[in-house]
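Notes to accompany the following structure.
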Amino acid sequence: MSTRYLSVRACNSIFSEYPDVVGIKEICKMLGIGKDKAYELVKNGELRKIPCSRSVKVPKISVIEYILRCM
């Protein structure tokens, strides 16, 4: 199965309590990391960023895909 298919299936069950677009605070909670690491993942392109003025917004599916890549 492709990673994309797995991430769409996982999106229906994992992190269902989070909105489809998350900020740094939610990323930290989802991954159990600090703010510095979350910003680093966004800066390095590990998590896709949605252009949104000065705040960082990331699609929830991008976080799930990151987790699947790390497995």
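Spin-label model, Leu31/Glu17: points 7 Å from Cα along the beta carbon direction are separated by 2.0 nm. Counting only protein heavy atoms and using a 1.4 Å probe, the accessible area of Ile14 comes to about 60 Å².
If the chain linking Arg69 and Cys52 were pulled fully straight, counting 0.36 nm for each residue of separation and taking away their Cα-Cα distance, it would gain 3.6 nm. Within a straight-line Cα-Cα reach of under 12 Å, Lys37 can be paired with the following aspartates and glutamates, leaving aside sequence neighbours fewer than 8 residues apart in one chain: Glu46.
The values are calculated or read from the model by the stated rules, or taken from the named source; none is laboratory data. None of these values were measured; they are calculated from a predicted model. Cβ: placed from backbone, ideal geometry, glycine included. Neighbour counts: every protein chain shown. The area values use the complete protein model at the heavy-atom level, side chains included, leaving out ligands, DNA and RNA. Shrake-Rupley method; radii C 1.70, N 1.55, O 1.52, S 1.80 Å.
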